[in-house]
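The values are calculated or read from the model by the stated rules, or taken from the named source; none is laboratory data. Just so you know, these numbers come straight off a predicted model, no measurement behind them. Every residue, glycine among them, receives a Cβ derived from its backbone with ideal geometry; neighbour counts consider all protein chains shown.
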Amino acid sequence: MGCGSCSTGGGCTPNGCKSNGSCGTGGCQTMEVHDWLSNLDMPSNYKPFQVTEIKFKGSRKEFFLNNDNIYLEIGELVAVEGPTGGFDVGHVSLTGELVRIQMKRRKTALDQVTKKIYRKATEADVEKWNAAKGMEWETMHKARKLALDLRLQMKISDVDYQADKTKATFFYTADGRVDFRELIKKMAESFRIRIEMRQIGMRQEAGRLGGIGSCGRELCCSTWLTNFKTVSTAAARYQNLSLNTLKLAGQCGKLKCCLNYELDTYLDALKDIPDRIENLDTEAGYARHQKTDIFKKIMWFSYMGDENWIPVKAARVKEIMAMNKAGKKAPNLKEEAVQIAAPVVVEKSFDYENVVGQDSLTRLDERSRGKNNQNKNNNQKNNRNNNQNKRERIPTGEKNAGPNNRAQQAQQGGKQQPNGPKPQQAVPKPQHVNGPKPQNNKPKQQQPQAQKPVVKAEGNVAAEGVKPEQSKNKNRNNRRKNNNRRNNNNGSENKPAAE
């Protein structure tokens with residue numbers, strides 16, 4: 001829940017019950033206060049306390065007089081007297097006797113409260129107040145641009161308009177004093193309002209702007225913390241925290257305010273632990289202090305060259321230090337080590353039966369890995385089979401002329417003709433021994449392709465496509481025909497030789 005006048009944003013009504021913060025869920029402002037006297041009946045002659053606490057933008061709270069005895073509830077919008085005239089609108093944060101206690105805490109006397117409450121805010125007051133709040137963002141950026149033009153070493157972090165638009169308060173942060181007289185003149189000419197400059201610290205700036213801390217919750221300075229105490233690095237040393245400014249600093253750039261929250265508890269626990277611990281003199285040598293568990297009151301020591309740390313109770317360490325001052329050596333610390341129980345690992349128990357492995361985030365990765373491995377194995381097998389087939393598949397010419405085939409033929413008892421033509425070459429025509437070649441009128445026939453070598457039953461291998469006995473008979477017939485043609489003078493056509 002948040003309203004437009006605080007750092008949480010939103011409207012002036014809560015996000016829950018929409019009852020303007022008057023229900024049991026709390027008010028709509030950031031720094032709300034619980035009225036623990038609201039359910040108690042007051043005496044009959046009781047006169048209500050006339051002072052009321054009103055909250056404005058940020059963490060600003062002021063006291064106002066309720067002279068007209070207007071009935072007010074926490075979270076209501078009221079119109080009050082402005083600091084320099086006019087009127088302003090704020091939320092009621094506290095009423096009744098709790099205001100008296102709050103004034104005592106802030107050391108505010110009743111005579112110091114002079115401003116008064118005019119009335120409950122009307123619709124016209126709320127509209128004018130919302131219009132003034134809508135101008136704050138644009139005014140802040142214009143003021144920042146004017147400050148940059150004048151080269152002023154300052155940062156304008158927030159602007160607070162009065163409800164009647166007659167005055168604006170500019171909050172800025174700076175390292176030192178800044179001469180902003182020229183800046184005020186230019187802003188007065190630009191905005192046509194009365195201007196007030198107020199310097200704040202880094203912590204107040206973070207409280208006005210708000211945000212989320214490293215703990216995951218809203219900043220303490222913007223929700224409930226009103227007074228800021230100094231935080232030193234000694235608070236971190238007492239709590240055994242590493243002096244890392246990135247971890248110890250908050251959004252304001254200063255040390256976190258929460259370092260002071262548990263400081264008193266640590267200081268009480270450190271009373272039983274000795275200060276300025278030196279090396280303990282024992283029979284096994286000097287033991288060096290490594291770390292301390294403040295709440296368990298256990299201290300760890302280690303010997304030179306030994307990586308194992310020995311836990312010893314803080315009371316026993318005090319006794320050993322007293323012995324060393326008296327000039328005595330303590331026994332080996334390993335004999336007095338504290339037995340620390342190992343942490344118990346609790347196994348996960350599921351309320352359902354894990355059938356398909358849906359509780360594993362890497363179940364899909366495992367499946368893809370299995371498929372990739374299977375595909376890889378299949379590819380390897382295919383490559384092996386292809387290589388083996390290539391080795392077995394030898395061309396015909398290489399098979400006939402290769403040394404392996406010759407060895408097989410020699411084992412079968414066959415004899416291969418030396419210097420024979422390759423089987424892939426065409427078979428040459430038989431040459432005519434006597435006379436010119438006969439003229440053939442018939443078209444030439446295609447040469448027969450090389451045939452595979454034929455193995456005879458006797459074991460003789462013919463290197464050519466024709467058997468040797470048939471070629472001899474053909475040569476004899478050709479000679480006889482040629483002789484007959486020479487003797488024949490009739491001029492008959494020469495017949496082609498029979499092939």
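Structure values in brief
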| item | result |
| --- | --- |
| GLU76 being modelled with pLDDT of 90 or more, under 20 Å from TRP224 (Cα atoms) and outside the structural domain of PHE191 (by TED's automatic domain parsing) | yes |
| Any strands (runs of 3 or more DSSP E) falling wholly within segment 131-215 and containing at least 3 residues that are closer than 29 Å to CYS257 by Cβ and of a type in the set (D, E, K, R) | 155-161 |
| So THR108, is it assigned to a loop (DSSP other than H, G, I, E, B), touching a Leu at 6+ places or on another chain (Cβ under 8 Å) and either at pLDDT 95 or above or within 30 Å of SER38 (Cβ to Cβ) (or both) | no |
| ARG288 free of Cβ contacts under 8 Å to residues at least 24 places away in the same chain, surrounded by 12 or more Cβ atoms within 10 Å (Cβ to Cβ), touching a strand residue (DSSP E or B) at 6+ places or on another chain (Cβ under 7 Å) and not assigned by TED's automatic domain parsing to the domain that holds ASN240 | yes |
| Lone qualifier among ASP179, ASP158, ASP175 - being of a type in the set (D, E, K, R), in contact (Cβ under 8 Å) with a residue 40 or more places away in the chain and outside the structural domain of SER59 (by TED's automatic domain parsing) | ASP158 |
| Residue that is surrounded by the fewest Cβ atoms within 10 Å (Cβ to Cβ), among those in segment 258-279 that are more than 19 Å from ALA314 (Cβ to Cβ) and not hydroxyl-bearing (Ser, Thr, Tyr) | ASP264 |
| So VAL317, is it farther than 30 Å from VAL231 by Cβ and in a helix (DSSP H, G or I) | yes |
| VAL99 part of a helix (DSSP H, G or I) and under 27 Å from GLU205 (Cα atoms) | yes |
| Residues located in segment 218-236, provided they are assigned to a helix (DSSP H, G or I) and β-branched (Val, Ile, Thr) | THR223, THR233 |
| Residue within segment 69-78 that is without any contact (Cβ under 8 Å) to a residue 24 or more places away in the chain and surrounded by fewer than 18 Cβ atoms within 10 Å (Cβ to Cβ) present | yes |
| Unmet criterion (only one of (1) closer than 30 Å to PHE56 by Cβ; (2) under 31 Å from the mean Cα position of the chain (by Cα)) for PHE228 | (2) |
| Top-ranked residue of segment 233-257 - restricted to ones that are small (Gly, Ala, Ser) and surrounded by fewer than 11 Cβ atoms within 10 Å (Cβ to Cβ), ranked as farthest from GLN204 (Cα to Cα) | SER242 |
| Members of segment 268-284 that are small (Gly, Ala, Ser) and in a helix (DSSP H, G or I) | ALA269 |
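Condition check ((1) among the aromatic types (Phe, Trp, Tyr); (2) in the same structural domain as ASN260 (by TED's automatic domain parsing); (3) free of Cβ contacts under 8 Å to residues at least 40 places away in the same chain) across all residues:
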{"site": "ARG192", "(1), (2), (3)": "no, no, yes"}
{"site": "MET202", "(1), (2), (3)": "no, no, no"}
{"site": "SER222", "(1), (2), (3)": "no, no, no"}
{"site": "ALA236", "(1), (2), (3)": "no, yes, yes"}
